[in-house]
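The values are calculated or read from the model by the stated rules, or taken from the named source; none is laboratory data. None of these values were measured; they are calculated from a predicted model. Glycine also receives a Cβ, built like all others from the backbone with ideal geometry; neighbour counts cover every protein chain displayed. The protein model used for the area step is the full one, side chains on, heavy atoms only, and it has no ligands, DNA or RNA in it. Shrake-Rupley method; radii C 1.70, N 1.55, O 1.52, S 1.80 Å.
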Amino acid sequence: MARADLDKQPTDVRRMFDTVAKRYDLTNDLMTAGIQRSWRRSMVAAVDPGKGDLVLDLAAGTGCSSEPFGAHGATAVACDFSVGMLQQGKKDRPSLPFVAGDGTRLPFLDDTFDAVTISYGLRNFVDPVAGLKEMLRVTRPGGRLVVCEFSTPTSGAFRSLYMDGFMQALPRIASLTASASDAYVYLAESIRAWPDQAGLAELIAEAGWQRPEWRNLTGGIVALHRATA
């Protein structure tokens, strides 16, 4: 099986990511023309990690998003439910701590982390609010949440071009490097079906996080949402 459907059955989503793990980082770089690197820097800056901080990087995949925290003196725990992603990550980044875990039932104690972050993974949860509640549970009081996720472009013309043009082309672009380009059909569908910036802020507040706010990147293709435990 190469793709999942929008009912987001966990087994299907897990299997899909296992299938694309080997070239996942390369494919993402190609699809975003390298812009994802600047998004990752913005995400790390939003977390504002300090020396000695313990950061949970959820849906971390191969650990590409976890690695930069070390340069700030923080320790990032890369957690994902795709064993294929974790295995590839351990090959690529052997010094990172990788943990297998379901985002709606995290294998961590209450009040463990100074910050929790998730990049492009929350929309794959069968129940995003349940996942956000779990993230809150494992974050210490006063800790912070940063969600980096595909969102809704703010310009009407650009939004049409992005949603109707780029999203249609996404599987074909992915086929240049991905071993299972059909998985990117699901990814495009899940981006279209995802709430806009204000909608995600409402979900974050519903889960119990305080003062959710967001900042658009690249015209709203991606949005960084930040909140406090």
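Solvent-accessible area of the stretch 52-156 (1.4 angstrom probe, protein heavy atoms only): carbon and sulfur portion equals 55 percent.
In order along the stretch 209-217, the phi-based Karplus estimate (6.51 cos²θ - 1.76 cosθ + 1.60, θ = phi - 60°) of 3J(HN,Hα) comes to 6, 9, 6, x, 9, 9, 9, 7, 10 Hz; Gly and Pro are listed as x. Ordered by solvent-accessible area of protein heavy atoms (1.4 Å probe), largest first, the residues Thr75, Thr152 come out as Thr75, Thr152. Antiparallel versus total DSSP beta bridges in the stretch 39-125: what percent is that, nearest 5? In the stretch 39-125, approximately 10 percent of DSSP beta bridges are antiparallel ones.
Here the label points at Arg40 and Asp196, each 7 Å from Cα along the C-beta direction, are separated by 3.1 nm in the simple model. In a DSSP loop and with at most 11 other Cβ atoms within 10 Å, the trypsin sites (Lys or Arg not before Pro) in the stretch 34-115 are Lys51.
Give the shape of the stretch 69-130 as rounded, prolate or oblate, defined through the alpha-carbon gyration tensor: a ≥ b ≥ c are the square roots of its eigenvalues, a/c under 1.5 means rounded, and otherwise the shape is prolate if a/b is larger than b/c and oblate if not. Taking the square roots of the gyration eigenvalues as a ≥ b ≥ c, the stretch 69-130 is oblate. Just the number please: accessible area per residue for the stretch 67-164, 1.4 Å probe, all protein chains included, in Å². Using a 1.4 Å probe on heavy atoms only, each residue of the stretch 67-164 averages 42 Å².
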